[in-house]
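K.L.:
A single structure is presented below for examination.
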Amino acid sequence: MAADRPGWARGVSRLSVLTGAGISTDSGIPDFRGPSGVWTKNPDAEKLSTYQAYLADPELRRRSWQQRLAHPAWSAEPNPAHLAVAQLARSAIDTQVITQNIDGLHQRAGTPPGRVIELHGTMSGVVCTGCGGRTAMTEALARVRAGEADPPCTRCGGILKSATIMFGEALEPGVFEAAVSAATGCELMLAIGSTLIVEPAASLCAIAVEAGAALVIVNRDPTPYDGAATAVIREPIGTAVPRIAGQLLAASSV
């Protein structure tokens, strides 16, 4: 019934969804800053994601490769929130998904790759810090399993890293511009599972609001953008996002 749908869910034809680590925790991938987060439990682990430290410390790189081998994302499956977002992305609602995540679960859930903007890159690829060459992560991990603790680039001998954006690195050219375009062009910005403290990703919420969009935040903990939001939803992401998707889809078909 229309009375069951909040005003912000009615008549949305252009939607942008900003997702953070919280949308993937139900798939078995820990977040970073939550009570059981990777960096909460082990503050030193943040160094593994710092570009200059990674380049300077061979031992840190060796540890990084071992962590990549054991990363839970390789066996993770999309959860109901990913599936609900994919349903929206395949609907008549013009949906863009802007994700801070590197796990590829949005695409695996069925969101068309052309509708996913990966702000922080992807863990499925490897890039050489010397020549810029790119290869598949599966190839690099096979070398690690075969005994290369810190496999160098096969083209130039340079240092290899995951094709993700580390602290101290700039975003890939054009990526943030695409995200800004999605934020300014939407009628509703749905921010899911993000602390909204990592910039420039978090600023997309302000950009959307300034352009006239409603902002709805689905997150367990308070964020710096709660005050700018039309609605803040604290219930579990796995139940909130499918319900919201249903509300948006029902309203768009009226």
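K.L.:
Please give the contour-minus-distance gain from Ser181 to Leu69: 0.36 nm per residue of separation, less the Cα-Cα distance, rounded to one decimal in nm. Walk me through the intermediate numbers first.
P.N.:
On the way: separation 112, 0.36 × 112 = 40.32 nm, distance 3.54 nm.
Net length gain for the segment: 36.8 nm.
K.L.:
When DSSP assigns beta bridges and you keep just the ones with both residues in the chain, what percent turn out antiparallel, to the nearest 5? Walk me through the intermediate numbers first.
P.N.:
On the way: 8 of 31 bridges.
Roughly 25 percent of the DSSP beta bridges within the chain come out antiparallel.
K.L.:
With everything on Cα atoms, drop me the angle between helix 58-69 and the longest principal axis of the chain, reported from 0 to 90° to the nearest 10.
P.N.:
For helix 58-69, the angle is close to 50 degrees.
K.L.:
If you stretched the chain out fully between Ala231 and Asp57, how much longer would it get, using 0.36 nm times the residue separation minus the C-alpha to C-alpha distance?
P.N.:
58.2 nm
K.L.:
Between helix 237-252 and the chain, what is the angle of the helix's C-alpha long axis to the longest principal axis, kept within 0 to 90° and rounded to the nearest 10?
P.N.:
50
K.L.:
Compute the acute angle (0 to 90°) between the alpha-carbon long axis of helix 80-89 and the principal axis of greatest extent of the alpha-carbon atoms of the chain; round to the nearest 10°.
P.N.:
70
K.L.:
If you bin every alpha carbon distance in the chain into 5 Å steps from zero, what whole percent lands in each bin?
P.N.:
1, 6, 13, 17, 19, 15, 11, 8, 5, 3, 1, 0, 0
K.L.:
How much net charge surrounds Asn101 when only the other residues with a Cβ under 12 Å from the Cβ of Asn101 are counted, with Lys and Arg +1 and Asp and Glu -1?
P.N.:
Its environment carries a net charge of -2.
K.L.:
Could I have the simple spin-label model distance between Arg90 and Thr50, label points 7 Å from Cα toward Cβ, reported in nm to one decimal?
P.N.:
4.3
K.L.:
If you roll a 1.4 Å probe over the chain with all protein chains in place, what percent of the accessible area is carbon or sulfur?
P.N.:
Ligands and nucleic acids excluded, carbon and sulfur reach 55 percent.
K.L.:
How much accessible area per residue does the chain have, counting only protein heavy atoms and a probe of 1.4 Å, in square angstrom? Working shown, then result.
P.N.:
Details: 11400 Å² over 254 residues.
Computed with neighbouring chains in place, this is 45 Å² per residue.
K.L.:
Full-extension gain between Glu199 and Ser13, please, as 0.36 nm times their residue separation minus the C-alpha to C-alpha distance.
P.N.:
Extending this stretch completely gives an extra 64.2 nm.
K.L.:
Just how large is the dipole of the stretch 111-243 about the Cα centre, in debye to the nearest 20, putting +1 at every Lys and Arg Cβ and -1 at every Asp and Glu Cβ?
P.N.:
That gives the stretch 111-243 a dipole magnitude of about 420 debye.
K.L.:
Moving on. Report, please, the projected area of the stretch 130-215 averaged over directions, based on the convex hull of its C-alpha atoms, in nm².
P.N.:
7.5
K.L.:
Pairing rule first: another cysteine's C-beta must sit under 4.7 Å. Under that rule, which cysteines of the chain stay single?
P.N.:
For the chain, the answer is Cys186, Cys205, because their Cβ atoms have no other cysteine Cβ under 4.7 Å.
K.L.:
I've got another one for you. If I model a spin label at Ala206 and Arg134 as a point 7 Å from the Cα along the Cα→Cβ vector, what separation in nanometres do I get?
P.N.:
My value for the distance between the label points is 3.0 nm.
The values are calculated or read from the model by the stated rules, or taken from the named source; none is laboratory data. The structure displayed is predicted, hence computed values, not measured ones. When we count neighbours, we look across all protein chains shown, and the Cβ atoms used for this are built from the backbone with ideal geometry, even at glycine. Calculation scope for accessible area: heavy atoms of the full protein, side chains included, ligands and nucleic acids excluded. Shrake-Rupley method; radii C 1.70, N 1.55, O 1.52, S 1.80 Å.
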